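What follows is a short report on a single structure.
The values are calculated or read from the model by the stated rules, or taken from the named source; none is laboratory data. Given the structure is predicted, the values throughout are model-derived calculations rather than measurements. Note: ideal-geometry Cβ built from the backbone for every residue, glycine included; neighbour counts use all protein chains shown.
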Ligand code: NA
Ligand code: NA
């Protein structure tokens, strides 16, 4: 059998019998390497190569940030801000759900953390207010994926680090499309709310709102520190993540005093497992992706797609389809790492700017966090909601379509992605 | 008929680049001379990974041949660090004469490969272009202009000490972040090969190019020992001969590319090119060289090259 | 007995990992401060942070194996014992093979790299690759614990 086919079949067979994704990547690669008469030591060599990057150090720091937000009162403060700002619109809790994820997205790079923390508060509240449980779960999960589009984003870090694209520019490029996806989700919620009569929360009044905004302002400084610092030339993305962690620590430990120092070891140790698992999967993706390159697959996929069409938009559509399929079984980090050569080659052929391409592929891959069988955010949300996964998936389908729609819209209107980078880092676009 | 042997060549660079020309030339010569017994596949642009991991694969025999810059191999072969010492050679031709196949330097590094147990055999060392300084704001005409600038360096003591001697402040930035780092001012100066400077559009953020020619970039063509020992003697000779002629071609190509790039950078990209007096830079570094070589345990190599 | 050993091991790993993580934060923090405030470059900070990072990934992944924190795709009806037992056996075998690859080949790799040096830290590159075999070894220990639990209670009656 063709070694590439064996590699893919073995991988699918392994994950189907509940072998974890990292192990499945390693074992299917080991199988093909043995069959090809290559030495198994390549497996460990390429696993190591997969994580040997200083830029990836940003990942643990953003994961820790996610833990810190939940350890104290920062998440609650953000929920209050969201409620005061958009809670009084019809479908209030739904808007709060999306809005807080947009803010949370700009604090932590992790979608699963957002689903778990925001979902555990908002899903029960939504059910009580009369929203169907599957919709509450679907909206929570789908809006959590904004965390991988709106910076800081671990996916964009991986894309930039291994694709030689400026992470700062990718971050700035993710802001507008991420917010746009969020606004579409709120629009969809509004339409449903009018049709099914979902309630709005009472408006707290201007003075209460002012008080809540002041309470929420210090944590909202975090995205300003990260993005401002990176774009302003004070630090690299990794260092920006550290600055954000230090600021969150300062707020929780010194200012709000709701995270005692003795609680920090647990927060740190939990965060280690949080990032060790995805990074171990990235190591597995290191050998899997290398083997795919070694067997010449990038060229095969590119040749296949170019054999079907040479119209840039159709190339892009086929890439979208490919990434949706890939996103179903791989988490976006591993998918980006493994298929980066294919994404970049097709992007170049279709004449798409590398920053534009990085953001577009990240938007499409984010959908995979909701789609079965490996839709980790929807899994978490459906568990919290106590609703069947199937009904949650049905409720999530229109929201996923909206996300894909924004990706396609951003293809036709590149300035949705590139407008802000052009404004903030214009030198990137001089010349051509 | 199907070939007996498949050889995979790794390069890290996108075409046009001397390394890819060398790989193409080796492919043509080997396939021709072996009468089709050998098939050569080129994996350029780092498709098979970055150099440190690739050198590992070479030892296992999964990748057969690599053509790359010696400084990328210092993790495994620290002796290669000597080639990052500025002003070792006057020109690319001089570099080739000093380090090419058949020279004592080549023999020395063949032995170093053995002693280090890297699992590779050295086929050739050659020159592949000059490295030059470029800056964000100031134009460099003399060593004094460098003082106080934040200089991007890889995390290597040689680079850090060299640039510190000019009063510069070394900053470690990954290549992929370099553009943004200079654009935002995290770094204000950098040094690179001309294809690297042009390919990553660094001229947009560091538009002042000083042709300091402080380093002749030395490249190595190496073959996996596993692969080498599997080849029959006649094929070994064919591969060795192909590497040597590609090595000479590489120097010629590099000279051509460098000259053409300086021209394009000036005329099409509005780069300000200065040609500072190199002796002034050499004078700053001369007292440092012996000491640096000693400190970094590279005295043997330094003496050999200065003979 | 083995379970208590594993509890102890997990506790030690958690202790070491929060200390190492804290050290990583301090190291990178120091790098930012040194460059921006003191105008001094420290070339060892990146290498040290990367070394700690590698250790945390591989040791943390082994710990995650015990706590069930790895990512799965759930398509099989594993609530039925007839499905669950073969699935558990397969995942155990898969785990042992990965542990074997990591420990044996990881050790070979680390030994091969031992002649190289991390220049900025002045240590052998062996220490950078060592977490691979260590992770494999820890995984093997935690897998044996799983295996024994499975033998004692193959149909998972005591578990949910
Ligand atoms: Na949400
Ligand atoms: Na984010």
Looking only at segment A:353-372, which residues are in contact (Cβ under 8 Å) with a residue 60 or more places away in the chain and assigned to a loop (DSSP other than H, G, I, E, B)? A:353, A:369, A:370
Among the candidates A:183, A:122, which residue alone is without any contact (Cβ under 8 Å) to a residue 60 or more places away in the chain and crowded, with 24+ Cβ neighbours inside 10 Å? A:122
Suppose we filter segment C:12-38 for residues that are within 10 Å of another protein chain (Cβ to nearest Cβ) and either within 28 Å of residue C:65 (Cβ to Cβ) or in contact with a strand residue (DSSP E or B) (Cβ under 6 Å, 6 or more places away or on another chain) (or both); how many remain? 14
Is it fair to say residue C:92 is over 22 Å from residue A:43 (Cα atoms) and out of contact with any strand residue (DSSP E or B) (no Cβ under 9 Å at 6 or more places or on another chain)? no
Residues in segment A:135-157: is at least one within 14 Å of chain B (Cβ to nearest Cβ), in a helix (DSSP H, G or I) and either surrounded by 24 or more Cβ atoms within 10 Å (Cβ to Cβ) or within 13 Å of ligand 1 (Cβ to nearest atom) (or both)? yes
Run residue B:91 past the list (1) touching a strand residue (DSSP E or B) at 6+ places or on another chain (Cβ under 8 Å); (2) within 13 Å of another protein chain (Cβ to nearest Cβ) and report the number of the one that doesn't hold. (2)
How do the helices (runs of 4 or more DSSP H) wholly within segment A:2-117 filter down when requiring 1 or more residues that are over 30 Å from residue A:290 (Cβ atoms) and within 16 Å of ligand 2 (Cβ to nearest atom): which remain? A:58-71, A:74-86, A:92-105
Of these, A:217, A:208, which one is more than 22 Å from residue A:230 (Cβ to Cβ), more than 14 Å from chain B (Cβ to nearest Cβ) and away from ligand 1 (no atom under 16 Å from the Cβ)? A:208
Any residue at all in segment B:47-64 that is surrounded by fewer than 20 Cβ atoms within 10 Å (Cβ to Cβ), at pLDDT below 95 and away from chain A (no Cβ under 14 Å)? no
Helices (runs of 4 or more DSSP H) contained in segment A:252-350 and holding at least 3 residues surrounded by 22 or more Cβ atoms within 10 Å (Cβ to Cβ) and either at pLDDT 90 or above or assigned by the TED database to the domain that holds residue A:222 (or both): A:264-294, A:312-329, A:332-349
Residue count for segment C:60-102, restricted to those that are out of contact with any helix residue (DSSP H, G or I) (no Cβ under 6 Å at 6 or more places or on another chain), facing chain A (nearest Cβ under 9 Å) and more than 24 Å from residue A:10 (Cα to Cα): 1
Considering only segment A:387-399, I want to know if a residue exists there that is assigned by the TED database to the domain that holds residue A:123 and not in a helix (DSSP H, G or I). yes
At pLDDT below 85, in a loop (DSSP other than H, G, I, E, B) and under 16 Å from the mean Cα position of the chain (by Cα) - does that describe any residue in segment A:373-384? yes
